[in-house]
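Everything below concerns the one structure shown next.
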Amino acid sequence: MYMYMIVRLRSSGFGCKIAGKFYGCLVYADDIMLISHTANAMRRMLAICDHFAADFDLKFNNSKLVAMRIGKRYGVQCAPFTLSGGELKYVNELKYLGVHLVAAKCFKTSVTHLKVKFYRVFNCINSRSKAANSEMITVQPLKAYRLPLLLYASEAILLSKSQLQDLNNCINRSVYKIFGLLVQKLLKMYGILLLWILWQC
């Protein structure tokens, strides 16, 4: 059904375009993100969504609708956008498909939530696996559960050097808790053999 809305938005001429292709409306299931280069274009796109909802007897959930600005004027207050009779709340950070986008001068993401999830799962599993008195039993969940949490969507977004360092520190601290040494010291003592053992266990 949302394909009809995408067709209307694309044919309107508003919305973000890259190399001549329309990327102004990203849809996954019922998660919808509208992207435009100006506030006026966004208002036109929201009006099209309003007409679409009226034609198909749909109603957007106003409690989940938010707006965020990216660009040089991201901090300037703008007139509120409206959809389904309600105003969209401006936010400094939003989540789309698990990726946290941040309002800034250019496209920027946040990894803070990844670190929080990583440490939460690490502390839970580490406290339960201590009774086994085996480092390898603790390392296996690190590879199977914690690393995928930490590296979620990392292949799809460009991380800054500081963000990569933050993620690296998470691994350093977790290995330090397990073995009592920093990763660099372990590599210096055991070299590539350690990496092979950690990966194979």
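Derivation of every value follows stated rules applied to the coordinates shown; laboratory data play no part. Source: prediction; values computed, not measured. For neighbour counting, all protein chains shown are included, and Cβ atoms are generated from backbone atoms with ideal geometry for every residue, glycine included.
Summary of computed values
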quantity	calculated
Between 0 and 90°, nearest 10: helix 161-179 axis offset from the chain longest Cα axis	40
On Cα atoms only, tilt of 2-12 relative to the major axis of the chain in degrees	60
Net dipole in debye of the chain [+1 Lys, Arg Cβ; -1 Asp, Glu Cβ; about Cα centre; nearest 20]	680
Lysines whose Cα lies under 26 Å from that of Lys161, excluding same-chain neighbours fewer than 8 positions away	Lys72, Lys95, Lys105, Lys108, Lys115, Lys117, Lys143, Lys177, Lys185, Lys188
For peptides 137-143, 159-165, sequence by mean Cβ density within 10 Å, most packed first	137-143, 159-165
Rounded to 10°, Cα long-axis angle of helix 112-129 versus longest principal axis of the chain	40
Environment charge at Gln163 (Cβ cut-off 13 Å; Lys +1, Arg +1, Asp -1, Glu -1)	+2
Under 14 Å from the Cα of Lys64 - aspartates and glutamates, other chains or at least 8 residues apart	Asp30, Asp31, Glu87, Glu93
The stretch 32-150: relative contact order in percent, alpha carbon pairs under 8 Å with at least 6 residues between	18
